[in-house]
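*Asks:* Encoded as structure tokens, here's the structure I'll be asking about.
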2 protein chains.
Amino acid sequence: MSLIDSLASVFSGKIISDPTDMAAFLTDWRGKWTGVALAVVQPDNTEDVSLVVRWCNEHGVSVVPQGGNTGLSGGATPSATGLNVVLSLTRMNKVRDIDVLNNTISLDAGVTLLAVQEAADEAQKLFPLSLAAEGTCTIGGNLATNAGGVQVLRYGNARDLCLGLEVVTSDGSIWNGMKSLRKDNTGYDLKNIFIGSEGTLGVITGATLKLFEKPKSKVVSFIALADPSAALRLLKLAQELHSNELTAFELMSDECIQLVEKHVDAARSPLASRSEWYVLLELSSSSEEQALSSRIESLLEIAMENDWIADAAISSSIAQFNAIWALREDISEAQAAEGKTIKHDISLPISAIPQFIDRVTKRLLDSYSVARMVVFGHLGDGNLHFNLSPARSLDKSQNELFTSIEAEVNKLVHDEVNACNGSISAEHGLGVLRRDEASRYRSEIERNLMSSLKKSFDPKNLMNPGKVIS
Amino acid sequence: MSLIDSLASVFSGKIISDPTDMAAFLTDWRGKWTGVALAVVQPDNTEDVSLVVRWCNEHGVSVVPQGGNTGLSGGATPSATGLNVVLSLTRMNKVRDIDVLNNTISLDAGVTLLAVQEAADEAQKLFPLSLAAEGTCTIGGNLATNAGGVQVLRYGNARDLCLGLEVVTSDGSIWNGMKSLRKDNTGYDLKNIFIGSEGTLGVITGATLKLFEKPKSKVVSFIALADPSAALRLLKLAQELHSNELTAFELMSDECIQLVEKHVDAARSPLASRSEWYVLLELSSSSEEQALSSRIESLLEIAMENDWIADAAISSSIAQFNAIWALREDISEAQAAEGKTIKHDISLPISAIPQFIDRVTKRLLDSYSVARMVVFGHLGDGNLHFNLSPARSLDKSQNELFTSIEAEVNKLVHDEVNACNGSISAEHGLGVLRRDEASRYRSEIERNLMSSLKKSFDPKNLMNPGKVIS
């Protein structure tokens with residue numbers, strides 16, 4: 001019996017081994033990495049996953065778990081050599097249970113993030129994790145990478161939203177940790193070991209998540225200001241006055257907004273004049289919209305009197321609300337339309353951000369005339385997408401000049417992040433993209449602890465090998 | 001050179017080896033466990049801790065980390081046999097740094113919880129972890145046991161409040177994980193492995209914690225209602241209307257309040273008539289107190305119209321606020337004054353709590369006429385202190401009749417908890433008290449994962465051996 005026939009015989013789900021049909025699973029969606037696989041398997045249930053992983057363990061075949069295949073760091077793409085099975089969870093897409101009194105939902109790992117949000121919404125609840133790929137990415141992938149997004153300031157990362165997990169471990173055992181408890185201190189925190197481990201310690205097959213009350217009203221404001229220092233002052237004021245209601249605090253440079261206006265139909269700043277920087281500030285709560293609006297108004301009045309801000313618009317309809325949010329959410333797409341990109345997903349102590357942006361922008365532009373900065377991010381979480389695009393002076397044929405500086409630029413930016421005790425991967429995970437750089441900044445003891453954890457949970461190194469740690 | 005002299009020579013902090021001076025460190029504060037130690041060491045800094053642990057590792061001596069020695073599960077008491085060193089962190093009590101813009105505080109593990117709260121307060125911020133032992137317990141102990149307390153509903157457990165850790169590992173290495181970031185996905189989550197591991201994987205020597213805005217106003221209400229089902233309805237309504245501001249939702253039976261009134265001077269229910277059950281509900285926010293009070297009033301009006309509640313009092317002064325909270329906080333002390341106790345620190349899906357209380361109370365009282373129930377807890381977190389005291393009919397000389405049922409009662413209660421997919425240790429940890437029971441409810445794979453983690457982080461089994469897992 002061939003290996004593929006042997007694998008196909010042990011479980012009841014779908015198996016794909018035709019190269020054409022496998023192709024979509026073997027390349028990440030940005031097209032940066034392509035790998036090889038013996039087969040792509042799509043189990044129907046946790047038992048199936050267990051049988052597949054046990055078979056792989058017995059046959060020395062690597063397991064590469066994959067959700068919606070929307071990751072940005074290559075964590076779900078198999079390596080280009082070796083014996084790999086891609087374990088696609090997308091057919092495991094059932095909501096198992098909703099408990100509205102307990103504010104929890106339990107589901108298969110292959111449910112898309114959008115479907116989680118919709119299931120919560122149907123139960124008159126909110127599941128707050130929200131990010132660009134939500135229509136395709138799966139909750140299992142979100143947990144495996146500890147995804148962030150635009151509501152972390154109020155509700156936390158994927159890790160903070162998870163109460164319980166079901167995991168198939170490297171030998172094919174099923175760990176049922178599907179608790180739905182707010183408090184549980186009965187041993188080591190296995191759940192948080194698997195969350196963020198990108199499938200290298202086990203395969204997440206199910207999860208129990210927190211639900212929240214749906215806010216009655218949401219109001220967003222688009223605010224012009226001179227620099228990130230002013231944005232930080234505004235953030236502090238907003239936290240002092242309305243910490244209960246502050247849901248998002250996003251920073252973006254005028255360059256970002258110009259790109260969105262250029263590349264996205266109908267996108268337009270709601271403000272009459274331009275400014276170097278903008279903030280998107282959202283309040284949401286169980287109050288009436290009118291009350292929220294006047295809270296933002298008085299907040300902005302104080303900021304205006306102090307000369308921290310130059311101008312501001314406040315949403316007074318759903319259309320305006322969505323239009324302001326679109327300016328922020330379309331930046332990535334607009335930057336992509338402008339040509340090659342160099343991206344950094346960094347986080348810093350919030351207090352260090354204004355000086356960091358000033359200093360590192362200056363260093364980069366002084367050294368690399370082929371680049372311009374495209375800086376935006378979740379200022380309230382200390383998380384910047386500190387990106388670069390080719391300089392306006394560069395025509396498209398000169399793009400390789402820009403591409404050639406990527407490694408140097410990464411090193412410059414990440415060394416600066418490290419010097420500020422920041423993180424070089426705030427919400428995108430390590431995958432293969434940042435694996436070696438992350439290792440370079442680690443202390444020896446940290447490398448030892450992580451590698452000993454990996455050996456202990458995956459002694460044969462068959463769970464998504466080569467991701468997170470080498 | 002004797003072992004003690006050898007130990008004393010490697011570090012610069014204090015060493016205690018006189019049996020009389022050591023006594024206070026060798027017995028837990030409830031007096032349930034007493035152990036032996038070669039010495040008690042009190043290092044001055046992290047380097048010192050590292051040197052002590054390295055010495056222990058080289059000499060095959062067990063390390064028993066201890067903070068304020070206020071734990072309820074015997075996790076900080078050395079075993080009664082063997083070669084132990086008690087590693088007391090209380091001399092490491094410096095606040096290292098406060099960053100008000102980043103909303104973080106970094107400190108030594110030996111700082112008392114009260115001192116953390118006070119340092120935050122001085123900086124016009126809030127550190128919300130709060131529990132009865134806060135004047136004595138240390139933040140290192142709080143993190144090692146993932147402590148809970150009365151504000152978990154709004155702010156989370158100790159785990160949720162921690163951004164970074166410094167840990168001395170079993171070989172004496174210092175892991176510097178003192179990040180102060182809201183987002184960081186650069187590898188396995190070592191921080192959450194150490195939090196809640198009760199010193200069995202390493203010694204927490206420092207931490208970086210989240211700070212919050214101080215609420216401008218707080219209002220508490222004491223509410224009479226017929227049963228836990230009504231309390232659950234009220235909780236749901238409070239969450240729907242005021243989830244942003246709901247800080248505490250505590251349930252207690254009339255038995256609890258009667259004990260407090262009997263044993264605590266000046267304690268008195270603010271309500272004219274008695275009821276079987278009471279709820280303490282707190283709102284806090286950046287609004288004015290008047291606004292909060294009227295929100296509670298309209299909430300209670302709805303509940304009254306629906307016949308969910310019978311009567312209620314709302315605090316209108318600091319004295320009233322404190323008096324209502326004292327009724328809740330003095331229950332443990334009042335129960336202790338009544339004689340022997342049998343305690344359970346359990347958590348359940350919140351939706352399961354009313355039926356659980358009914359069913360298990362009936363089973364217990366039907367089987368054990370020597371007992372009465374003393375039930376209270378953090379209903380908003382699903383965490384009950386499902387306790388028993390000797391029946392009123394029992395005089396003190398018959399206390400052993402009550403004590404003799406403890407093991408059976410524990411088993412009955414914990415089997416019921418397990419059947420509801422609950423936890424038998426919500427916020428007190430396992431220590432030695434619940435170690436074997438917790439193991440009994442664990443699946444084989446869970447036992448294997450925990451024991452493999454322990455072996456990997458502490459190969460010689462010298463870090464607080466015999467705690468958490470056997």
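*Asks:* Please name all residue pairs, on different chains or six or more residues apart, with Cβ atoms under 8 Å, provided the first residue is in the range B:387-408 and is free of Cβ contacts under 8 Å to residues at least 24 places away in the same chain and the second residue is of a type in the set (A, V, I, L, M).
*Replies:* B:Ala391/B:Val370; B:Ala391/B:Ala371
*Asks:* For the range B:318-397, list the helices (runs of 4 or more DSSP H) that sit wholly inside it and hold at least 2 residues that are of a type in the set (Gly, Ala, Ser) and closer than 21 Å to B:Gly148 by Cβ; which are they?
*Replies:* B:331-337
*Asks:* A further question on this structure: When you look at B:Val432, is it at positive phi, within 20 Å of the chain's Cα centre (by Cα) and either at the interface with chain A (Cβ under 8 Å from one of its Cβ atoms) or of a type in the set (A, V, I, L, M) (or both), yes or no?
*Replies:* Answer is no for this residue.
*Asks:* Could you check the range A:442-459 and list, in sequence order, the residues that are out of contact with any strand residue (DSSP E or B) (no Cβ under 9 Å at 6 or more places or on another chain) and either free of Cβ contacts under 8 Å to residues at least 12 places away in the same chain or not polar (S, T, N, Q) (or both)? If you could, list the steps in order and put the result at the bottom.
*Replies:* First, the residues of the range A:442-459 that are out of contact with any strand residue (DSSP E or B) (no Cβ under 9 Å at 6 or more places or on another chain): A:442, A:444, A:447, A:450-453, A:455-456, A:459.
Across the range A:442-459, the qualifying residues are A:Arg442, A:Glu444, A:Arg447, A:Met450, A:Ser452, A:Leu453, A:Lys455, A:Ser456, A:Pro459.
*Asks:* Restricting the range B:153-202 to residues that are within 24 Å of A:Gly156 (Cβ to Cβ) and among the small types (Gly, Ala, Ser), which is farthest from the chain's Cα centre (by Cα)?
*Replies:* B:Gly187
*Asks:* Taking the stated definitions as given, is A:Val375 at pLDDT 95 or above, away from chain B (no Cβ under 14 Å) and out of contact with any Gly (no Cβ under 7 Å at 6 or more places or on another chain)? Quick ask: steps written out before the conclusion?
*Replies:* Working: at pLDDT 95 or above: yes; away from chain B (no Cβ under 14 Å): yes; out of contact with any Gly (no Cβ under 7 Å at 6 or more places or on another chain): yes.
It is true that A:Val375 is at pLDDT 95 or above, away from chain B (no Cβ under 14 Å) and out of contact with any Gly (no Cβ under 7 Å at 6 or more places or on another chain).
*Asks:* Still on this structure: Of the residues that sit in the range B:139-180 and are of a type in the set (Asp, Glu) and facing chain A (nearest Cβ under 9 Å), which one is surrounded by the most Cβ atoms within 10 Å (Cβ to Cβ)?
*Replies:* Filtering the range B:139-180 for residues that are of a type in the set (Asp, Glu) and facing chain A (nearest Cβ under 9 Å), the one surrounded by the most Cβ atoms within 10 Å (Cβ to Cβ) comes out as B:Asp171.
*Asks:* Within the bounds of the range B:93-103, is there any residue that is open to solvent by less than 30 Å² (accessible area, probe 1.4 Å) and of a type in the set (A, V, I, L, M)?
*Replies:* Checked against the condition, which is being open to solvent by less than 30 Å² (accessible area, probe 1.4 Å) and of a type in the set (A, V, I, L, M), the range B:93-103 yields no hits at all.
Yes or no, residue by residue, for (1) part of a helix (DSSP H, G or I); (2) over 25 Å from B:Met178 (Cβ atoms); (3) without any contact (Cβ under 8 Å) to a residue 60 or more places away in the chain:
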{"site": "A:Asn410", "(1), (2), (3)": "yes, no, no"}
{"site": "A:Val413", "(1), (2), (3)": "yes, no, no"}
{"site": "A:Val417", "(1), (2), (3)": "yes, no, no"}
{"site": "A:Leu430", "(1), (2), (3)": "no, no, no"}
{"site": "A:Leu433", "(1), (2), (3)": "no, yes, no"}
{"site": "A:Ala438", "(1), (2), (3)": "yes, no, yes"}
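*Asks:* Exactly one of these conditions fails for A:Ser452: (1) touching a helix residue (DSSP H, G or I) at 6+ places or on another chain (Cβ under 8 Å); (2) more than 7 Å from chain B (Cβ to nearest Cβ); (3) surrounded by fewer than 22 Cβ atoms within 10 Å (Cβ to Cβ). Give me its number.
*Replies:* Evaluating A:Ser452 over (1) touching a helix residue (DSSP H, G or I) at 6+ places or on another chain (Cβ under 8 Å); (2) more than 7 Å from chain B (Cβ to nearest Cβ); (3) surrounded by fewer than 22 Cβ atoms within 10 Å (Cβ to Cβ) leaves (2) as the failure.
*Asks:* Looking only at residues in the range B:455-466 that are within 11 Å of chain A (Cβ to nearest Cβ) and not in a helix (DSSP H, G or I), which one is surrounded by the fewest Cβ atoms within 10 Å (Cβ to Cβ)?
*Replies:* Going through the qualifying residues, I end up with B:Pro459.
*Asks:* May I ask you to verify whether B:Ala37 is over 20 Å from B:Asn142 (Cβ atoms), surrounded by 16 or more Cβ atoms within 10 Å (Cβ to Cβ) and among the small types (Gly, Ala, Ser)? Full working, then the answer.
*Replies:* Numbers: over 20 Å from B:Asn142 (Cβ atoms): yes; surrounded by 16 or more Cβ atoms within 10 Å (Cβ to Cβ): yes; among the small types (Gly, Ala, Ser): yes.
Judged against the criteria, B:Ala37 is a match.
*Asks:* Within the range B:392-421, which residues are closer than 25 Å to B:Arg442 by Cβ and charged (D, E, K, R)?
*Replies:* Scanning the range B:392-421 gives B:Glu406, B:Glu408, B:Lys411, B:Asp415, B:Glu416.
*Asks:* When you scan the range A:315-370, how many residues do you find that are β-branched (Val, Ile, Thr), more than 25 Å from B:Leu181 (Cβ to Cβ) and either in contact with an Asp or Glu (Cβ under 7 Å, 6 or more places away or on another chain) or open to solvent by less than 50 Å² (accessible area, probe 1.4 Å) (or both)?
*Replies:* Just the residues of the range A:315-370 that are β-branched (Val, Ile, Thr), to begin with: A:318, A:324, A:331, A:341-342, A:346, A:350, A:353, A:357, A:360-361, A:370.
After this cut, where a residue has to be more than 25 Å from B:Leu181 (Cβ to Cβ) as well, the list is A:318, A:324, A:370.
Next cut, either in contact with an Asp or Glu (Cβ under 7 Å, 6 or more places away or on another chain) or open to solvent by less than 50 Å² (accessible area, probe 1.4 Å) (or both) only: A:324, A:370.
Here the count works out to 2.
*Asks:* Now a separate question. A:Gly199 passes all but one of (1) within 10 Å of another protein chain (Cβ to nearest Cβ); (2) closer than 17 Å to A:Glu427 by Cα; which number fails?
*Replies:* Single failed check for A:Gly199: (1).
*Asks:* Another question, if that's okay. What number of residues in the range A:417-445 are among the charged types (D, E, K, R) and surrounded by 20 or more Cβ atoms within 10 Å (Cβ to Cβ)?
*Replies:* Residues in the range A:417-445 being among the charged types (D, E, K, R) and surrounded by 20 or more Cβ atoms within 10 Å (Cβ to Cβ): 3 in total.
*Asks:* Something else about it: In the range A:3-17, what residues are in a strand (DSSP E or B) and in contact with a helix residue (DSSP H, G or I) (Cβ under 7 Å, 6 or more places away or on another chain)?
*Replies:* A:Ile15, A:Ile16
*Asks:* Could I ask something else about it? When residues of the range B:440-454 are filtered for being in contact with a Lys or Arg (Cβ under 9 Å, 6 or more places away or on another chain) and part of a loop (DSSP other than H, G, I, E, B), how many remain?
*Replies:* Residues in the range B:440-454 being in contact with a Lys or Arg (Cβ under 9 Å, 6 or more places away or on another chain) and part of a loop (DSSP other than H, G, I, E, B): 0 in total.
*Asks:* Same structure again: Only residues that are away from chain B (no Cβ under 14 Å), in contact with a Ser or Thr (Cβ under 9 Å, 6 or more places away or on another chain) and among the hydroxyl-bearing types (Ser, Thr, Tyr): list them for the range A:212-255, please.
*Replies:* A:Ser221
*Asks:* Here's something else I'd like to know. Evaluate the following for A:Lys183: is it closer than 30 Å to B:Ala231 by Cβ, open to solvent by less than 20 Å² (accessible area, probe 1.4 Å) and touching an Asp or Glu at 6+ places or on another chain (Cβ under 6 Å)?
*Replies:* Yes: the conditions hold for A:Lys183.
*Asks:* Something else: Looking at (1) open to solvent by 10 Å² or more (accessible area, probe 1.4 Å); (2) within 21 Å of B:Arg328 (Cα to Cα), can you tell me which one B:Gln124 breaks?
*Replies:* Among (1) open to solvent by 10 Å² or more (accessible area, probe 1.4 Å); (2) within 21 Å of B:Arg328 (Cα to Cα), the lone unmet condition for B:Gln124 is (2).
*Asks:* Same structure, new question: Among the residues of the range A:228-238, are any free of Cβ contacts under 8 Å to residues at least 40 places away in the same chain and within 30 Å of B:Tyr155 (Cα to Cα)? Write out each step before concluding.
*Replies:* Applying the first criterion (free of Cβ contacts under 8 Å to residues at least 40 places away in the same chain) to the range A:228-238 yields A:236.
Keeping just the survivors that are within 30 Å of B:Tyr155 (Cα to Cα) gives A:236.
Yes: one or more hits.
The values are calculated or read from the model by the stated rules, or taken from the named source; none is laboratory data. This one's a predicted model, so the numbers in the text were calculated from it and none came from an experiment. Ideal geometry is used to build each Cβ from the backbone, glycine not excepted, and the neighbour counts take in all protein chains shown. Please note that ligands, DNA and RNA were not included when accessible areas were found on the heavy atoms of the full protein model with its side chains. Shrake-Rupley method; radii C 1.70, N 1.55, O 1.52, S 1.80 Å.
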